[in-house]
1. Working only within the stretch 198-233, note down all residues that are within 22 Å of Phe76 (Cα to Cα), within 24 Å of the chain's Cα centre (by Cα) and not in a helix (DSSP H, G or I).
2. Quick one: would you say Ile107 is of a type outside the set (Ser, Thr, Tyr) and under 13 Å from His166 (Cβ atoms)?
3. Where residues in the stretch 395-426 are more than 15 Å from Phe357 (Cβ to Cβ) and exposed (fewer than 15 other Cβ atoms within 10 Å of the Cβ), which of them is nearest to the chain's Cα centre (by Cα)?
4. Looking only at the stretch 118-148, count every residue that is modelled with pLDDT of 95 or more, within 25 Å of the chain's Cα centre (by Cα) and under 22 Å from Arg55 (Cα atoms) and tell me the total.
5. What is the residue count in the stretch 172-203 for residues that are within 20 Å of Pro152 (Cβ to Cβ) and buried (at least 24 other Cβ atoms within 10 Å of the Cβ)?
6. Ile278 versus (1) over 18 Å from the mean Cα position of the chain (by Cα); (2) surrounded by 15 or more Cβ atoms within 10 Å (Cβ to Cβ); (3) on the phi > 0 side of the Ramachandran plot: which is the lone unmet condition?
7. I'd like the full set of residues that are out of contact with any helix residue (DSSP H, G or I) (no Cβ under 6 Å at 6 or more places or on another chain) and under 12 Å from Ile512 (Cα atoms), limited to the stretch 374-403.
8. Quick one: which residue in Gly433, Gly427, Gly419, Gly488 is more than 20 Å from Leu506 (Cα to Cα), of a type in the set (Gly, Ala, Ser) and either touching a residue at least 40 places away in the same chain (Cβ under 8 Å) or not assigned by TED's automatic domain parsing to the domain that holds Phe328 (or both)?
Amino acid sequence: MIDFINPDYIQIFNRRVERLNRIRNNPDCLPSLRLYYRENPAQFITDWGCTFDPRNVERGLPATIPFVLFPKQEEFVDYVTRKWKTQENGLAEKTRDMGLSWLSVAIGVTICLFNEGVVIGFGSRKEEYVDRIGSPKSLFWKARMFIENLPPEFRPEYNPSKHAPHMRINFPATGSSMSGEAGDGIGRGDRSSIYFVDESAFLERPHLVEASLSQTTNCRIDISTPHGMGNPFAEKRHSGRVEVFTFHWRDDPRKDEQWYAKQVAGLDAVTLAQEVDINYNASVKGQLIPSEWVQSAIDAHKKLGIKPSGKKSGALDVADEGVDLNAFLQTHGIVITNAETWSGKGSDIYETVDKSFLICDTNNLEEFKYDADGLGSGVRGDAKKINAERRIKHQKQIKVKKFRGSASVPFPEKSLVEGRTNADFFGNAKAYGWWSLRLRFLATHRAVTSGEDFKEDDIISISSEIDKKYFQALINELSQPTYEKKEGSGKLYVNKAPDGTKSPNLADTVMIRFSPSQDDKAKGYTL
């Protein structure tokens with residue numbers, strides 16, 4: 001197993017030499033090996049691929065290094081090949097400097113080497129990013145470098161001067177090829193088996209590209225860091241119509257909290273949120289909980305030396321039978337310990353409530369709160385029925401509490417914002433609940449980053465051990481809601497899904513769980 005922080009590249013190269021000598025001493029194994037690599041492209045890249053990073057030189061390492069994939073990179077290779085075989089589009093959102101351009105061309109080369117008649121397309125907003133002689137930042141420079149560092153056994157008949165002209169690479173042994181396009185010309189050339197659109201959120205006229213590529217390929221893979229919400233990449237990412245692959249810096253074993261601290265110190269807040277934290281709403285006006293506050297809350301209990309204690313409870317946000325998802329949150333005191341979502345399609349409210357009770361039993365939760373507006377209004381009756389059945393069986397009762405965002409503001413005469421009563425400042429209980437959560441994240445951020453005094457009951461922590469399938473979605477959703485003051489009343493309201501984004505079901509459960517209500521102990525916060 002490679003140490004990605006302090007890699008021993010000499011050892012890896014020596015292993016490759018030994019492996020290559022065994023192949024050359026037994027050339028009859030090559031046909032079987034090619035068949036194996038055709039079905040296992042990630043293994044081929046790890047076994048023989050090389051990448052290039054000139055920043056290694058200052059660390060005393062070679063610039064050309066083995067391309068040994070870490071688990072998330074392997075997942076991306078599997079994701080792309082699955083999308084290709086099922087003829088579906090895909091989308092990958094990423095933190096900056098994750099090596100996804102290198103990985104994309106390595107996938108393209110590997111597929112072309114071991115499959116006949118395949119065409120892989122690559123497009124970016126400028127031609128110099130696709131192919132420019134002598135420019136390591138261009139995709140086709142990376143592709144040629146990757147090919148030329150492979151053993152000749154795996155690139156038969158390939159001649160770079162003949163088979164790799166500008167914006168094109170041909171693979172004579174399989175009849176496959178890679179082609180490049182830029183700007184408005186993306187999608188206007190060859191029909192493609194797979195088409196990678198690099199930095200898709202930054203295309204100058206993306207709607208022209210949308211139209212062209214719709215007729216060119218059955219498998220389009222958009223790759224980008226976020227660039228706000230006003231572009232087709234962001235719209236597609238939040239549409240629910242495409243499976244999203246998230247490549248966050250926490251998935252990269254080469255990056256740690258020290259690396260992140262350096263990014264925080266060197267980048268402005270908007271750039272940090274968009275390009276590192278993968279936040280689409282970084283520059284949105286009226287953002288309720290900034291991304292940097294959410295990042296401070298990740299493992300805040302560990303950063304502040306707090307051992308999780310107190311009541312174990314949960315929160316439920318109920319979905320309909322469409323594309324929306326049910327969401328359930330688990331907490332231990334102030335620490336969010338887990339979260340999950342599941343489809344409501346083909347089920348009813350009773351099944352959702354029953355599943356919530358099962359989660360409580362499995363994780364020893366005492367109670368859960370639920371959104372009692374709309375579809376959630378049916379939870380109370382179903383929960384009452386389930387508890388009655390449990391009582392007969394001498395099973396533990398689960399306390400079920402309602403939360404109604406449309407209700408009037410709790411504690412109307414108290415003040416969450418200094419100088420204004422709650423009744424005077426907030427439009428409804430939802431706005432009050434989200435603002436309470438905002439203050440909780442603010443207190444956490446100040447405690448973590450500035451060492452300010454805090455009360456444990458007033459902060460929040462998000463465990464980094466939350467199931468990876470839901471962790472990043474939760475982090476992203478928490479920074480999605482915005483707030484505004486109505487011109488007529490001057491009261492504050494919250495918009496959970498600005499600019500056509502999907503409802504933040506997981507973030508909703510956080511607000512529901514931590515929202516003070518008349519049944520809870522009253523607290524007066526000031527900003």
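1. Across the stretch 198-233, the qualifying residues are Asp198, Glu199, Asn218, Cys219, Arg220, Ile221, Asp222, Ile223, Ser224, Thr225, Pro226, His227.
2. no
3. Checking each candidate, the answer is Ser406.
4. 1
5. Qualifying residue count for the region: 1.
6. Failed condition: (1).
7. Within the stretch 374-403, Lys401, Lys402 qualify.
8. The match here is Gly427.
The values are calculated or read from the model by the stated rules, or taken from the named source; none is laboratory data. Everything numeric here is computed off the predicted structure, so don't read it as measured data. Every residue, glycine as well, gets a Cβ built from its backbone with ideal geometry; the counts of neighbours run over all protein chains shown.
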